[in-house]
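Q: After the structure tokens below, expect a handful of questions from me.
Derivation of every value follows stated rules applied to the coordinates shown; laboratory data play no part. Computed from a prediction, not measured in an experiment: that's the story for all the values here. No Cβ is skipped: glycine too gets one built from the backbone with ideal geometry, and neighbour counts run over all protein chains shown.
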Amino acid sequence: MKAESGAGAVASAAARSSPLWETAAHEPPRVEARAIRSPSTGVWCLRVICPFCGKKHWHGGGDDDKPFYGYRVSECLIEGRDYNLIPETEKGE
């Protein structure tokens, strides 16, 4: 197997040294997402208010009967910013 070189190797090394790789110590925040289904395609879109930058972000939620929530990386690309999407009504439970 050939070793990575160049920018890819630097990015991979940086990712491995990121705190996100230490999953036992890292618990991403739970963020409520509003699921909106496209009537034309049937695909779910998940709208969130980013807990890091305060802006609205959109994530895909699949095309099953129910939307797929779960782990996402914030679209604002602030390093090390990830969260777990949950349905709007679940946060207070």
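Q: For segment 27-90, what is the percent of antiparallel DSSP beta bridges, rounded to the nearest 5?
A: Numbers: 13 of 17 bridges.
DSSP beta bridges in segment 27-90 are roughly 75 percent antiparallel.
Q: Report the label-to-label distance for Arg34 and Glu75 in nanometres (one decimal), using points 7 Å from each Cα along the Cα→Cβ vector.
A: Here the answer is 1.4 nm between the modelled labels.
Q: Which is farthest toward the positive dipole end of segment 27-90 among Ile36, Gly62, Ile86, measuring Cα position about the Cα centre, with Cβ charges +1 (Lys, Arg) and -1 (Asp, Glu)?
A: Farthest towards the positive end: Ile36.
Q: Right, next: Would you calculate the separation in nanometres between label points at Thr41 and Glu27, each defined as 7 Å from the Cα along the Cα-to-beta-carbon direction?
A: 3.5 nm
Q: To continue, here is another question. Sorted from largest down, what three extents in whole angstroms do the Cα atoms of segment 27-90 have along their principal axes?
A: 34, 21, 15
Q: If you don't mind, another one. Can you list the residues, at least 5 places off or on another chain, whose amide H is less than 5 Å from the amide H of Arg30, using H built in the peptide plane?
A: Asn84
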